[in-house]
Amino acid sequence: MNVLTSLTLHDVHVAVAGTPIVNGVDLTAPSGTCVGVVGPNGSGKSTLLRAVYRHLPLSRGTITVGGEDLWRLTPRRAARLVAALPQETRSDFDVTAWEMAAMGRTPHKRPFAADTAEDNAVVAGALAHTGVAHLADRRYGTLSGGEKQRVLLARALAQQAPVLVLDEPTNHLDVRHQFELLDLVASTGTTVVAALHDLNLAAAYCDRLYVLAAGRVVAHGAPYDILTPRLVGEVFGVDAHVIPTPVTGTPHLILRARDRADSPTARLSD
Amino acid sequence: MNPRPAGPPPKKTRPRARDGRITSAAYIALVGVLIAGLAASVLLGTVDIPAGTVFRIIVQHLTGQEDPTEWSASQDTVVWNLRLPRALLAALVGAGLAVSGAATQALVRNPLADPYVLGLTYGAAVGAVAVIVTGVSPLGGASTGMAAFAGALAAFAVVYALARAGGTLAPLRLILAGMAVTYALSGLTSFLVLQADDPGTTHSVLFWLFGSLAEANWAALGLPAFVLALTMLALLAQARPLNTLLLGDETAAALGISATRLRRHLFLLIALLTGVMVALAGGVGFIGLIIPHAARLLVGSDHRRLLPVAALAGAGFLVLVDIAARTALHPQELPVGIVTSVIGAPLFLWLVHSRARDTTGL
């Protein structure tokens with residue numbers, strides 16, 4: 001385990017337009033592990049991740065990668081430590097898949113610096129790794145949802161950062177593409193922090209889970225320890241039944257809307 | 001977890017998605033058009049002067065090697081003091097507006113924006129008209145241009161202040177602030193013109209709103225050339241960050257670019273470049289919209305190629321349009337902005353139409 005590529009959040013507070021959204025989050029992603037951030041809508045998952053890839057400033061706390069304080073570095077230097085797949089990437093302008101992936105080289109380039117053979121090799125390698133090398137000349141806007149996410153993942157890989165932040169990477173993807181994308185992410189070997197809506201995907205792919213509610217961590221640990229019917233009921237307000245997934249053995253949740261007539265607490269004593 | 005096998009290996013390392021040869025061909029073709037346009041511009045006009053004489057007049061002024069008694073003083077004035085500076089001003093203004101158009105489209109993240117959405121055409125008009133109406137002319141002949149520049153910058157400053165609320169220069173807020181300022185200043189311009197009730201003032205307002213290159217002279221070329229070179233250099237230095245701006249602020253941040261800070265730089269560069277061009281030539285329309293678009297069709301959205309190609313295309317385009325403006329309704333001269341609008345409006349509709357077709361995949 002390489003401590004140089006671990007990600008540590010300490011007492012992180014983030015406010016958006018004066019409203020506190022994240023209120024004192026501690027999180028550790030050891031090198032090469034995948035940490036999932038789960039929680040209901042509005043719990044602060046995306047806001048927390050935006051602070052990690054420096055889109056939103058911290059109002060308190062520190063974020064370090066391998067001991068380096070991200071917010072004390074230049075944006076360019078920080079982007080060489082943390083790459084990200086934000087939730088939305090606009091495509092109002094015509095950009096080819098190659099150009100999109102090549103933008104991952106931005107934090108490595110000085111003004112007026114031309115693309116070197118090494119840059120081109122890194123981009124080609126990233127596109128090949130995510131299986132979209134054949135789409136290099138296609139316009140990004142014309143790709144399917146699954147292809148787009150792979151091109152964006154290639155861009156993040158071209159950034160060659162030890163930490164990868166994924167904000168709802170499987171949104172709008174069908175089941176097969178969800179698995180394929182997360183398999184790809186796992187195959188990169190980087191330290192990953194991912195916000196995921198689907199608790200079963202989170203349980204299947206993450207080494208550790210952090211459960212967020214109202215901007216605070218209410219539980220963290222290995223998926224089996226965390227995803228209990230009681231916690232899922234309290235945080236998400238649904239009834240859950242946990243069974244092991246055949247073959248892999250990771251926890252699988254069977255979820256059911258709460259019967260409004262019943263007392264919620266009556267159903268938590270699973 | 002079962003890592004998926006990597007995709008098929010690439011056949012070879014691709015240098016870039018868009019073929020470099022297309023970019024080179026575009027540069028060569030556009031330089032050719034610009035040179036041909038400049039040559040045609042000094043050769044054509046309301047007075048017929050033989051091509052050989054035109055050539056010798058220019059050589060005489062550049063090198064002193066020809067005999068100036070072979071042509072008349074008026075021919076000399078027409079070629080050296082009217083046609084040549086006018087052709088060069090057309091090239092500079094065309095390049096400047098095209099570059100600031102490309103930069104504005106990145107600034108507001110909208111491929112259908114031009115520098116005038118930020119409200120400065122009417123700012124320039126109000127500045128110039130105010131000087132004309134009040135008769136205050138502290139700097140002699142140059143004061144209308146100075147006032148137009150000041151008016152354009154003032155309009156920019158108001159738009160900037162309005163759009164900055166909340167700490168970020170959000171693209172939509174920039175456009176809305178620009179529209180609000182444009183409407184307010186357009187009303188003010190009309191008011192000033194009505195108050196003056198003087199054909200001279202009306203004519204002057206039309207000049208600032210439609211644009212004209214008729215005021216070109218050698219002394220007026222240095223400033224736009226300097227400002228164009230300066231802003232072009234500053235923009236090319238930030239070409240990669242500009243590319244990330246097209247993808248949204250979150251993505252830019254993830255790539256190490258502070259979108260808000262970059263937009264602030266960009267706004268100042270656009271204000272300077274557009275302000276100078278409008279002060280010299282008025283609000284020549286559609287170049288800032290059409291030319292960056294055409295350049296994108298040619299070489300894609302990467303600003304490292306887009307900015308130089310747009311500059312060359314804008315220069316060549318305005319030189320050619322100016323020839324048409326001077327000769328189409330001979331002997332009457334059309335304001336060059338009317339010609340660009342007549343050409344630009346249908347082009348714009350075609351662009352909107354082709355974009356709609358692209359996004360629906362038809």
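The values are calculated or read from the model by the stated rules, or taken from the named source; none is laboratory data. The model shown is predicted, which means the values in this text are computed figures rather than measured ones. Don't worry about glycine lacking a Cβ; one is built from the backbone with ideal geometry, like all the others, and counts go over all protein chains shown.
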### Query
Could you count how many residues in segment A:102-140 are more than 25 Å from the chain's Cα centre (by Cα) and hydrophobic (A, V, I, L, M, F, W, C)?
5
### Summary
Expected single match for touching a Lys or Arg at 6+ places or on another chain (Cβ under 8 Å) and of a type in the set (Ser, Thr, Tyr) among A:THR106, A:THR47, A:THR28 is A:THR106
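For (1) within 21 Å of B:ARG109 (Cα to Cα); (2) at pLDDT below 90, each residue gets a yes or a no:
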position: B:LEU297; (1), (2): yes, yes
position: B:LEU318; (1), (2): no, no
position: B:LEU329; (1), (2): no, yes
position: B:SER341; (1), (2): no, yes
position: B:LEU347; (1), (2): yes, yes
### Query
Among helices (runs of 4 or more DSSP H) lying entirely in segment B:200-262, which contain 3 or more residues that are away from chain A (no Cβ under 14 Å)?
B:222-237
### Failed item in (1) buried (at least 23 other Cβ atoms within 10 Å of the Cβ); (2) assigned to a loop (DSSP other than H, G, I, E, B); (3) within 11 Å of chain B (Cβ to nearest Cβ), with A:SER43 passing the rest
(3)
### Task
Might you let me know whether segment A:193-215 holds any residue that is within 12 Å of another protein chain (Cβ to nearest Cβ), assigned to a helix (DSSP H, G or I), over 20 Å from A:ASN41 (Cα atoms) and touching a Leu at 6+ places or on another chain (Cβ under 6 Å)?
yes
### Task
Just name the residue that is farthest from A:ALA154 (Cα to Cα) out of those in segment A:71-91 that are in a strand (DSSP E or B) and more than 7 Å from chain B (Cβ to nearest Cβ).
A:VAL82
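Table: residues versus (1) part of a helix (DSSP H, G or I); (2) farther than 23 Å from B:HIS203 by Cβ; (3) touching a Phe, Trp or Tyr at 6+ places or on another chain (Cβ under 8 Å); (4) away from chain A (no Cβ under 14 Å).
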residue: B:LEU280; (1), (2), (3), (4): yes, no, no, yes
residue: B:LEU312; (1), (2), (3), (4): yes, yes, yes, yes
residue: B:GLY337; (1), (2), (3), (4): yes, no, yes, yes
residue: B:ILE343; (1), (2), (3), (4): yes, yes, yes, yes
residue: B:LEU347; (1), (2), (3), (4): yes, yes, yes, yes
residue: B:HIS353; (1), (2), (3), (4): yes, yes, no, yes
### Message
Looking at segment A:147-164, can you tell me whether even one residue there is touching a Lys or Arg at 6+ places or on another chain (Cβ under 6 Å), surrounded by fewer than 24 Cβ atoms within 10 Å (Cβ to Cβ) and either part of a helix (DSSP H, G or I) or among the small types (Gly, Ala, Ser) (or both)?
### Response
no
### Summary
So, first residue on the phi < 0 side of the Ramachandran plot in segment B:133-155, second residue modelled with pLDDT under 65 and among the hydroxyl-bearing types (Ser, Thr, Tyr), Cβ within less than 7 Å, six or more apart or across chains; the pairs are B:SER143/B:SER137
### Task
May I ask you to verify whether A:GLU147 is touching a strand residue (DSSP E or B) at 6+ places or on another chain (Cβ under 6 Å), more than 25 Å from B:GLN238 (Cα to Cα) and either free of Cβ contacts under 8 Å to residues at least 12 places away in the same chain or charged (D, E, K, R) (or both)?
no
## Note on the structure
By residue number, the members of segment A:106-122 that are in a helix (DSSP H, G or I) and more than 8 Å from chain B (Cβ to nearest Cβ) are A:HIS108, A:GLU118, A:ASP119, A:VAL122
### Task
May I ask you to list the residues in segment A:172-188 that are away from chain B (no Cβ under 12 Å) and either under 10 Å from A:GLY146 (Cα atoms) or touching a Pro at 6+ places or on another chain (Cβ under 6 Å) (or both)?
A:HIS172, A:LEU173, A:ASP174, A:GLN178
#### Entry: Leading residue by the ranking (surrounded by the most Cβ atoms within 10 Å (Cβ to Cβ)) among those in segment A:84-101 that are over 15 Å from the mean Cα position of the chain (by Cα) and among the hydrophobic types (A, V, I, L, M, F, W, C)
A:ALA101
### helices (runs of 4 or more DSSP H) completely within segment B:57-158 that count 3 or more residues being closer than 30 Å to B:LEU266 by Cα
B:84-107, B:120-134
### Query
Which of the residues that make up segment B:190-216 are at pLDDT 75 or above and of a type in the set (Phe, Trp, Tyr)?
B:PHE191, B:PHE210
### Message
B:ALA313 - would you say it is free of Cβ contacts under 8 Å to residues at least 60 places away in the same chain and buried (at least 24 other Cβ atoms within 10 Å of the Cβ)?
### Response
no
### Task
Would you confirm whether any residue within segment A:60-83 is closer than 15 Å to A:GLY215 by Cα, out of contact with any helix residue (DSSP H, G or I) (no Cβ under 6 Å at 6 or more places or on another chain) and surrounded by fewer than 23 Cβ atoms within 10 Å (Cβ to Cβ)?
yes
## Note on the structure
Pairing a residue in segment A:1-18 that is buried (at least 16 other Cβ atoms within 10 Å of the Cβ) with any residue that is in a helix (DSSP H, G or I) and modelled with pLDDT of 95 or more, where Cβ atoms lie under 6 Å and the two sit 6 or more apart in sequence or on different chains, gives A:VAL14/A:THR47; A:VAL14/A:ALA51
